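A.B. asks: Please see the structure below; I have some questions.
The values are calculated or read from the model by the stated rules, or taken from the named source; none is laboratory data. Since we're looking at a predicted model, the values are computed, not measured. Cβ sites come from the backbone with ideal geometry, for glycine too, and all protein chains shown count toward neighbours. Side chains are part of the model used for accessible areas, which takes the heavy atoms of the whole protein and leaves out ligands, DNA and RNA. Shrake-Rupley method; radii C 1.70, N 1.55, O 1.52, S 1.80 Å.
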Amino acid sequence: MIDHFRSDLFLMRKMKVTYILPIIFLLSSLLVGVVYLRINLNALMVSDPATATTLSGDVYVDEDGSFGEEYVNSLSEGFSAGFNAAMEEDQATEEVETEEVERPGFFSGGIYYESSVCEFFSVITSASTLLILAGLFAAFLFANDIRGGFRKNMIKINPNRWIAFSSKVATVLVYNILFLVYSFFVAFLCIALMGKSIHFGFDLDFFEMLALRLLTMFAFSMLIALITCFTKSTALGMVADLIFGLGVLDLVFYFFDLLIAFIGMKLNFEIPSGFSLANYTLTGIASMLHPGMSSKLILRAVVVSVCFMAVSIFGAGYINQKRDIH
């Protein structure tokens, strides 16, 4: 087992996909950082201060859209009052300075501009990008023995293929852990480059979220490994990874939700509000994980991830043990 594990770790270091996936994650995180850390969307909704403060009083407009006599009279009265006030202020000892209204800049800071590294880490890992990249690595690693070569011959002559399979499972887990550590470094880099200040914000809720993130990430990787072993194809494993990761099946889940609601209505069975089958998938769970989440969501994440992980590991291991290798 140890020799197989060392061999798989060596293979992991030699695979090009091992280094390509982190680069993709870095580029996508920098793009997210620009949007959430630097771009102030509120600046688009603020009008020009010069035009906003020109006419601060009541404006009298005739029905034809032109300024009427009442508006002219109001201007005259306002001018007289202002002139008298200016004459009185000549004797005052203090000067009143008018404050200039500055329009916020477009790059003056986004909604996470003052966030901690842990908060921004939660943002960039809540998207499906992390699951997709982890699944791609599992697909390439488990398909490596299918394509042929020395490793394929080792599996053919070994009657107990569970040892080699368990070694790959452990390798995927190591890669997932390293990818999460790398993701935190990327979050730190984004905050350092585009945030207001650097503060980490470690607490118990963060490490709880981190553990659940690793659990869902590993379960999704094992699901893609199962599909890859079953189809004996790297391409089909990658396609399944993109379909599941991008939420293409959410439309299917939506129709099933409607069907369940219809059956519940016919049987006078009350469906809980907000119920959706997508909330019980790995991608749905991963998108809802955040620091300070409810205990109900934590329990659901653990149960769903463990179920997917157990079925995927047992199924992929059984297929790997029973399949005929030529």
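A.B. asks: Name the residues in the stretch 292-320 that are exposed (fewer than 14 other Cβ atoms within 10 Å of the Cβ) and either more than 30 Å from ASP203 (Cβ to Cβ) or at pLDDT below 85 (or both), would you?
C.D. replies: Within the stretch 292-320, ALA310, PHE314 meet the criteria.
A.B. asks: If you don't mind, another one. For residues that are touching a Ser or Thr at 6+ places or on another chain (Cβ under 8 Å) and at pLDDT 85 or above, scanning just the stretch 243-253, find the one that is most open to solvent (accessible area, probe 1.4 Å).
C.D. replies: Once the filter is applied, the top-ranked residue is LEU246.
A.B. asks: Right, next: How many of the residues making up the stretch 264-291 are open to solvent by 60 Å² or more (accessible area, probe 1.4 Å) and modelled with pLDDT of 85 or more?
C.D. replies: Final tally of qualifying residues: 3.
A.B. asks: Follow-up. Within the stretch 150-265, considering only helices (runs of 4 or more DSSP H) that don't extend past its boundaries, which have at least 1 residues that are under 19 Å from the mean Cα position of the chain (by Cα) and closer than 29 Å to VAL117 by Cβ?
C.D. replies: By residue number, 162-194, 204-231, 234-245.
A.B. asks: Of the conditions (1) modelled with pLDDT under 70; (2) in contact with a helix residue (DSSP H, G or I) (Cβ under 9 Å, 6 or more places away or on another chain), LEU173 clears all except one; give me its number.
C.D. replies: LEU173 satisfies every listed condition except (1).
A.B. asks: Please go through the stretch 212-242 and pick out each residue that is small (Gly, Ala, Ser) and surrounded by 15 or more Cβ atoms within 10 Å (Cβ to Cβ).
C.D. replies: Listed by number, the residues that qualify are ALA219, SER221, ALA225, SER233, GLY237, ALA240.
A.B. asks: Next question. What are the residues in the stretch 279-300 that are part of a helix (DSSP H, G or I), over 16 Å from the mean Cα position of the chain (by Cα) and not basic (Lys, Arg), if any?
C.D. replies: If the condition is that a residue be part of a helix (DSSP H, G or I), over 16 Å from the mean Cα position of the chain (by Cα) and not basic (Lys, Arg), then TYR280, SER295, LEU297, ILE298, LEU299 are the ones that fit.
A.B. asks: Those residues that are aliphatic (A, V, I, L, M), closer than 24 Å to ASN40 by Cα and crowded, with 18+ Cβ neighbours inside 10 Å, I need them from the stretch 155-204; list them, please.
C.D. replies: VAL186, ALA187, ILE191, MET194
A.B. asks: Follow-up. Scan the stretch 197-210 and tell me whether some residue there is of a type in the set (A, V, I, L, M) and in contact with a Gly (Cβ under 7 Å, 6 or more places away or on another chain).
C.D. replies: Within the stretch 197-210, not a single residue is of a type in the set (A, V, I, L, M) and in contact with a Gly (Cβ under 7 Å, 6 or more places away or on another chain).
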